[in-house]
Amino acid sequence: AHEVQCRWHVDGATAAATALVDELGYTRVSRLVGAALAQGKTLRQAALEQGLLTAEQFDALVSPEKVTRLGSRE
């Protein structure tokens, strides 16, 4: 697998946005998604540039393990 390309897809995926809602709230995430799309950036880039999360926080919230468990009660 091409690790950089895979990471780019995870960082910009809708599931990544969903994973941020508990931490940032729906309204803030909605604005973040809009800004990322308008600027041609990933959610990660936009979140870091806006100072909403650190790189470590973003990565922990949208780790593949967490994203695949979205909606579960575990």
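The values are calculated or read from the model by the stated rules, or taken from the named source; none is laboratory data. Quantities reported herein were computed from a predicted structural model and do not represent experimental measurements. What goes into the accessible areas is simple: the full protein's heavy atoms, side chains included, and nothing from ligands, DNA or RNA. Shrake-Rupley method; radii C 1.70, N 1.55, O 1.52, S 1.80 Å.
On the basis of being assigned to a helix (DSSP H, G or I), modelled with pLDDT of 95 or more and open to solvent by less than 60 Å² (accessible area, probe 1.4 Å), does Val29 make the cut?
Working: assigned to a helix (DSSP H, G or I): yes; modelled with pLDDT of 95 or more: yes; open to solvent by less than 60 Å² (accessible area, probe 1.4 Å): yes.
Yes, satisfied.
Filtering region 55-74 down to residues that are outside any helix (DSSP H, G or I) and open to solvent by 50 Å² or more (accessible area, probe 1.4 Å), which residue is modelled with the lowest pLDDT? Lay out the reasoning, then the answer.
Narrowing region 55-74 to residues outside any helix (DSSP H, G or I): 62-63, 68-74.
Retained after the next criterion (residues that are open to solvent by 50 Å² or more (accessible area, probe 1.4 Å)): 68-74.
Working: Thr68: 62, Arg69: 64, Leu70: 59, Gly71: 59, Ser72: 59, Arg73: 59, Glu74: 54.
Among residues in region 55-74 that are outside any helix (DSSP H, G or I) and open to solvent by 50 Å² or more (accessible area, probe 1.4 Å), the one modelled with the lowest pLDDT is Glu74.
Can you name the condition, by its number, that Leu52 falls short on among (1) at pLDDT 90 or above; (2) open to solvent by less than 90 Å² (accessible area, probe 1.4 Å); (3) not in a loop (DSSP other than H, G, I, E, B)?
The failed condition is (3).
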